[in-house]
1. Please determine whether any residue of segment 250-260 is in contact with a Lys or Arg (Cβ under 9 Å, 6 or more places away or on another chain), open to solvent by less than 10 Å² (accessible area, probe 1.4 Å) and not in a loop (DSSP other than H, G, I, E, B).
2. If V245 satisfies every condition in (1) open to solvent by 60 Å² or more (accessible area, probe 1.4 Å); (2) under 27 Å from R209 (Cα atoms); (3) in contact (Cβ under 8 Å) with a residue 60 or more places away in the chain but one, which is the exception?
3. What is the residue count in segment 334-375 for residues that are hydroxyl-bearing (S, T, Y), part of a helix (DSSP H, G or I) and in contact with a Leu (Cβ under 7 Å, 6 or more places away or on another chain)?
4. Pull out all pairs, ordered by first then second residue, where Cβ-Cβ is under 8 Å, the residues are six or more apart or on different chains, the first lies in segment 61-83 and is of a type in the set (K, R), and the second is open to solvent by 60 Å² or more (accessible area, probe 1.4 Å).
5. Run G90 past the list (1) in contact with a Phe, Trp or Tyr (Cβ under 7 Å, 6 or more places away or on another chain); (2) at positive phi and report the number of the one that doesn't hold.
6. With the condition being under 23 Å from D79 (Cβ atoms) and in contact with a helix residue (DSSP H, G or I) (Cβ under 9 Å, 6 or more places away or on another chain), I'd like the strands (runs of 3 or more DSSP E) fully within segment 271-333 carrying at least 3 qualifying residues.
7. Considering only residues that are in contact with a helix residue (DSSP H, G or I) (Cβ under 6 Å, 6 or more places away or on another chain), within 23 Å of P60 (Cα to Cα) and open to solvent by 10 Å² or more (accessible area, probe 1.4 Å), which ones fall in segment 176-204?
8. Suppose we keep only residues that are more than 46 Å from the chain's Cα centre (by Cα) and within 20 Å of T451 (Cβ to Cβ) within segment 466-492. Which one would you say is modelled with the lowest pLDDT?
Amino acid sequence: MKNLVAPVLVWMLYTGPLYAANEHINQEGRILGPLPAVTNAILFNTTNADAVVSAMQIFPVTNPWNECVSNRPALVNSDAMIAQIVSDLGSSRAVLTPEFEMNFVLVPDNQPRKQIAFFNYADESDLDGGTGTNGLYPIPTNLPVETWPAGTTDTLLQWQTNNDGSDRHAIMVAPGGGFIWETWETALVGTNWEASNGAKFNLNTNGLRPDGWTSGDAAGFPMFPALVRYDEAERGMVEHACRIVVKKSRYQKYLYPATHYAAPSGNTSTNLPQMGQRLRLKAGFVIPANWTKEEKAVLLGLKKYGALVADNGNFFSISVTPDDRWPSHCFDHLTGISATNFEVIQSTGTNEGPRSAGAPVANAGPDQTVSFGLAASLPGFVNFSIEPPVIQWRLSSGPGPVTFGNATQTNTTAIFSAPGVYTLELSADDGVHAVAYDAAVITVADVINVTAMRNGLTLNLNWTGGAPPFVVQRTGTLPVGPWSGVVTTSLQNASVPMTNTADFFRVRGQ
């Protein structure tokens, strides 16, 4: 009788969320999943919209809206400028006020275009294929207009046609192609759309409006990237700068990325903020532990990304989507925060800060599979040309904790607490540019160790490791041969009959 051979090492198979090499990672270090296809118009206050926007990179990581400013120095006249903001508004209105206003709709790239007449600033509007004073925009039937549904009892159609004289901004977003269209004083008149003006922005670039042009915002900004959205607040972090409103701004002055001013000729004091001026919640402001996660998300964002002066108004306000899913009173504490808790910081320009040359590049190394109980070697590396960046490995996702040999070195090791699929993220931060990120997916296989003992015409198999049910499989040839099931069991042993030919066995678990 021929000898029987049994394997001494067998692997486990796993299913789960695997990411391809060069994962898409946003400015916050969050790995973005695949972008869901948008095949019809999706309103902002839905779980479908949440899935789309949470997977979007809203402008490049180097964009001013995505710029970490926690280390930027304050202006010399920061205190005087804040005092001016408080004086202009009055202390009762110079408090952080969430305005439930700007909404949006997600549209497919092939959304049919509709004519929209621009009646005030057609000469500073993007017609996008239209002619004369008419734009040609991807307007769906369910286009929401500012403040709906939280600020009105009207149906959507009623609010579209109810031109109440308010700002009535409207925002259309095409995630597939990466474009947004924004309008001001928007209304449906009969069967025709009209607006004061219209602006189109490319989410894939850091491009600006033409110098001197306005947009839906007085500063010439896009509004969409500044909105406090439900999906990000529920994750616990506003991952971008907010737009903030002050009473008075400076005449003929605006800072990158603003392109427009909105002030009378008498507003010349250097203590008046310019359009585009960046404010930051002071690092010393202690966020109370018992405040809501929505409040914490906003305040953490204001500490890290700050807020850009976008318009003139009667409150020190930021824009929050009028989402009907917000919990009641979830932002109530914000109005207890005075503008005096903010500081005005030095802004960066077109080719400064994260947009300057010499940004580091991180590479976490290839995806790999290791056996449970063994350390994985992480062959990461970082390229840089200016200051050596701060290196950090961290666990992004996985079924348990990970112990790094030295998490501050590019080349290190990792030991895993349980089998499964782990995503490990490497970052390089030089304190100037956008943090460089990369990630590697490590599959930790639960190895099954098998012993075999012959007893007459029976082969007794015993094994350790793995999870039931187990399948004992047989093949007659190696390295390539069809495997056939012999026994399925929830135990960690099995007896199988021997044949008169050479056989090879393996054990597979779930």
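The values are calculated or read from the model by the stated rules, or taken from the named source; none is laboratory data. Computed from a prediction, not measured in an experiment: that's the story for all the values here. Cβ placement follows ideal geometry from the backbone for every residue including glycine, while neighbour counts extend to all protein chains displayed. In case anyone asks, the SASA skips ligands and DNA or RNA and just uses the protein heavy atoms, side chains included. Shrake-Rupley method; radii C 1.70, N 1.55, O 1.52, S 1.80 Å.
1. The answer is no; no qualifying residue exists.
2. (1) is the only condition that V245 fails.
3. 1
4. R72/Q346
5. It is condition (1) that G90 fails.
6. In segment 271-333, the matching strands (runs of 3 or more DSSP E) lie at 278-281, 307-312.
7. None; the set is empty.
8. Residue satisfying both the conditions and the ranking: L478.
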